[in-house]
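Asker: One structure, as structure tokens, below. Some questions next.
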Amino acid sequence: MELEALRSIYEGDLCFRELSPVSFQYRIGESGDPKAFLIEVSWPETYPQTAPVISMDAFFNNTISSAIKQSILDKLMVEVEANLGTAMTYTLFEYAKDNKEVFMENQPVNTVTSVSNSISIGTPDVPPSKKKEKKEQLSKTQKRKLADKTDNKGELPRGWNWVDVIKHVSIFKFFFFLLLERFVRKSKNCCLFWILIYKFLISFKMLVLLNISLKDFTL
């Protein structure tokens, strides 16, 4: 689902906040940036076949002029129309990040106070003992690939996170036969060669069966 993809992509990103399973905020710009702003995206029941609701009514944006806010919303809605029918929340957040300077070029810097930028957009504080272990941050390319894997319903395809076991087995086979050949050449024992081949085939069959079982388990 798109929700799972967003959680994976933005885990540990303090600019991202999940208000509910269908409503999300993202702060565009670093904390203390006088031209930072916050956008909120909410999914109606018929999303993504219908447009998400985009808002800039958060208190964080109080010092931004109404004209600037409306201009940003208009530009985001153009992006919505271009992506209608697909999971687009990540696309909208990244589009806003990439065009931040253009969106805010007419916003006077001296009207932005430190109060608005002092608001935390991160998730509520959690006692250290209850914090989840932080995962390795994904690169922008990895985030894009993960977001692109969602279909028109916002769901990830079956097996998207499976390990390529066949690839590893092929590498294993190559090195096994290489070592086996060298061993037999030194020992010059043909019977031993066929015994080792037989044991390898049994092990290989078990590995393939294990791979199938693991895939069924992840469904």
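Asker: Order these peptides, 21-34, 67-80, by their mean beta-carbon neighbour count within 10 angstrom, highest first.
Answerer: Descending packing order for the listed peptides: 21-34, 67-80.
Asker: Something else: What number, in percent, do you get for the relative contact order of segment 1-112 if the mean sequence gap of Cα pairs under 8 Å and at least 6 apart is divided by its residue count?
Answerer: Reported as a whole number, the value is 22 percent.
A short reminder: the numbers here are calculations on the coordinates, not readings from a lab. What you are looking at is a predicted structure, and each value in this text was computed from that prediction instead of being measured. Don't worry about glycine lacking a Cβ; one is built from the backbone with ideal geometry, like all the others, and counts go over all protein chains shown.
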